[in-house]
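Engineer: Structure provided below as structure tokens; questions to follow.
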Amino acid sequence: MAILFARLQADVPIKLRRGAWYRVIQLTDLQAVIEVNHRKVGVLRAWLEIQQRPPQQWSVVNGSAENRKAPPHLRGTYGVCPNCRARAPLPKRARAHECARCQKEFEVNWTEATAVKA
């Protein structure tokens, strides 16, 4: 099997970072097993977007202002770094943004904002 990557495509009851891409370990008709922090996690395949390689752009996530567990800067719209999966507030209308964690700059994919709760 070719190396595949997956991310959540819907607001589902599972504790994964919205917008982050994970390596697919195993794939069946109904389920995918993905690697999350060096652990295998089974997820319904219907909940995932699966690609051969993750895009090299910031994923934009429209978080929920009501989510009291999230840090204040991640309760609204934020980005997920395509390189290290760090979450960060994005400057409005920025074409590109440098990740504070990995120090790499990537374009911001505003057209693909995922409307899910953080």
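The values are calculated or read from the model by the stated rules, or taken from the named source; none is laboratory data. As the structure is a prediction and not an experimental result, all values here were calculated from the model. Don't worry about glycine lacking a Cβ; one is built from the backbone with ideal geometry, like all the others, and counts go over all protein chains shown.
Engineer: Quick check on the range 33-52. Is at least one of its residues crowded, with 16+ Cβ neighbours inside 10 Å, at pLDDT below 90 and not assigned by TED's automatic domain parsing to the domain that holds residue 99?
Structural biologist: No, the conditions are met nowhere in the range 33-52.
Engineer: So which pairs qualify, if the first residue must be in the range 69-88 and within 23 Å of residue 5 (Cβ to Cβ), the second must be crowded, with 18+ Cβ neighbours inside 10 Å and charged (D, E, K, R), the Cβ gap must be under 8 Å, and the two must be at least 6 apart or on different chains?
Structural biologist: 74/87; 78/87; 79/87; 80/18; 80/87; 81/87
Engineer: Take the residues in the range 14-28 that are among the aliphatic types (A, V, I, L, M) and part of a strand (DSSP E or B); name whichever of them is surrounded by the most Cβ atoms within 10 Å (Cβ to Cβ). Let's see the steps before the verdict.
Structural biologist: The first filter runs over the range 14-28 and keeps only residues among the aliphatic types (A, V, I, L, M), leaving 14, 16, 20, 24-25, 27.
Among the residues that remain, those that are also part of a strand (DSSP E or B) are: 24-25, 27.
On the way: 24: 21, 25: 14, 27: 16.
Checking each candidate, the answer is 24.
Engineer: I'm checking my understanding of the structure. Among residues of the range 54-85 that are more than 21 Å from residue 36 (Cβ to Cβ) and assigned to a loop (DSSP other than H, G, I, E, B), which one is modelled with the highest pLDDT?
Structural biologist: Among residues in the range 54-85 that are more than 21 Å from residue 36 (Cβ to Cβ) and assigned to a loop (DSSP other than H, G, I, E, B), the one modelled with the highest pLDDT is 76.
Engineer: Identify, please: which residue in the range 53-68 is hydrophobic (A, V, I, L, M, F, W, C) and closer than 21 Å to residue 81 by Cβ and is, among those, surrounded by the fewest Cβ atoms within 10 Å (Cβ to Cβ)? First the steps, then the outcome.
Structural biologist: Filtering the range 53-68 down to residues hydrophobic (A, V, I, L, M, F, W, C) leaves 58, 60-61, 65.
Pick out the ones that are also closer than 21 Å to residue 81 by Cβ and you get 58, 60-61.
On the way: 58: 26, 60: 19, 61: 25.
Ranking the qualifying residues of the range 53-68, first place goes to 60.
Engineer: If we keep just the residues of the range 1-48 that are among the polar types (S, T, N, Q) and out of contact with any helix residue (DSSP H, G or I) (no Cβ under 7 Å at 6 or more places or on another chain), which is nearest to residue 70 (Cα to Cα)?
Structural biologist: 37
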